[in-house]
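A.B. asks: One structure follows; several queries about it will come next.
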Amino acid sequence: MKRSFGPMASPIVAMVVVAAFLATACSGGPGVASGTPGSTARPSTTPAPGVAESSAGASASPSASTALLAWSRASLDEDWPAPVRAEPAGGAEVVPILWTDEDETGRYEDPTGDTESDAFPWVDIHAVSFCHNRTCPYVWVPGAPNVDPTEQWMAYGIVADDDGDGVADRRFGIDNIPGPVADWGRHRAWITDLHTGQTESSVLNSQETPMVGDTYFRATFPAAQSELSEQPRMPLCEGDSSPPIWVRGLAGALVAFGGGDIAGGGKVGGAMPAHFYAWASVIVGGRVVATDYAPDAGWLHPSSNAPPIAGEVAAPRPDEVAPPIDSLEEAIAAVVLIDSRVDGFQPGDTHVPGASSWLEADARSDGWDLTFVCDAETSLAQDTFGDCPASGCKRTYTKFHVWRDGTVDPDCEWREGEEPAGCR
């Protein structure tokens, strides 16, 4: 499909963490007092990493130990109980991912089905992106279940190479904890210095600034986020506040950190590491049963010079539109894939008296002509043409041609009464 000429919707604004401390501990340990988040620094059992060639596959289970990795209360103060990914001796590929201080950010799409287990899809990383112009990597996975870590111990995060020398320096992680309801707002966050093995950890408290030691660390856990795939219908032409199509059905593990080394500086929105990769893992019955990395080998490099992907159209996924386009509904969905500003329109949104926004659709032998008409006060109209001119506000018309093979051609865009000559 061809790229849209219009601006894409902004990435999802990072969700505000609502974290609660433990009311009771699970059967693996004694209770933990409620309302006292605390922060603990202690040596970790994770060894310092070396630049050693890996003999395992890219997403193989990182735990080679025969000891059971069962959750206990002591786990609240420790790193993930499996080593970081081994790196090849000759270095690894570095993949740029767009990161700027502006609205536009990119994403890295990770191959799916590479966790060596189909039983735990919530560990299968689909994409890595950033929150809106902040130092916040997002790790996108199918929503995780609300379970106690003694049933499934799940963790998500990033490994940072702060100086770009190919050696991992820090591991940031979030994992589920015992509680009445394990959800996206109730979890633990930690940082491990992979050279010294020192770990700082904290159960985030919604009443205080999220901190791990002296380091700002805001996070969300990808459980109970089904609302991402079950959004209420957005008002027409207000698609800027709707999630982009590629994130539907996924949940975000947010890792928002700030400033300094493991001791931190408390700075909100500190510098991104030179290189990093995302990771996700789950332990069941004391064993690591599924792990994924993004990328599977190599590093992501935040860069303002990476090619932008606004308007990019990946191959359709099973839940997305695929050619041939045989219905108006499929034609609308094909347009939304390249321009989420018009997300929310349905075939029945035709013009009726008093309507402020509507859809004009013409079926042709080779496909569909679709014109999305938006009221002058809507986000699409204002983002497209800016503030109202001196002559007054006017509706915006955005027209596409959808071919039956799935190709989408943006035709033209104009204000009411100003249709350009030759517009299809």
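Computed from the coordinates by the stated procedures, all read-outs in this text should not be read as laboratory data. Predicted model only: the values in this text are computed from it and were never measured. Note that each Cβ is placed from the backbone with ideal geometry, even for glycine, and that neighbours are counted across all protein chains shown.
A.B. asks: With a point put 7 Å past each Cα toward its Cβ, work out how far ALA297 is from ALA119 in nm, to one decimal.
C.D. replies: 2.8
A.B. asks: Given the Cα-Cα distance of SER356 and ASN305 and 0.36 nm per residue of separation, how much length would full extension add, in nm?
C.D. replies: Result: 14.3 nm gained on full extension.
A.B. asks: What number comes out for the charge environment of ALA160, summing +1 per Lys or Arg and -1 per Asp or Glu over other residues with Cβ under 9 Å away?
C.D. replies: -1
A.B. asks: Can I ask one more? Sort 364-372, 119-127, 344-352 by the packing proxy (mean of other Cβ within 10 Å over each peptide's residues), most packed first.
C.D. replies: Ranked from most to least packed, the peptides come out as 119-127, 364-372, 344-352.
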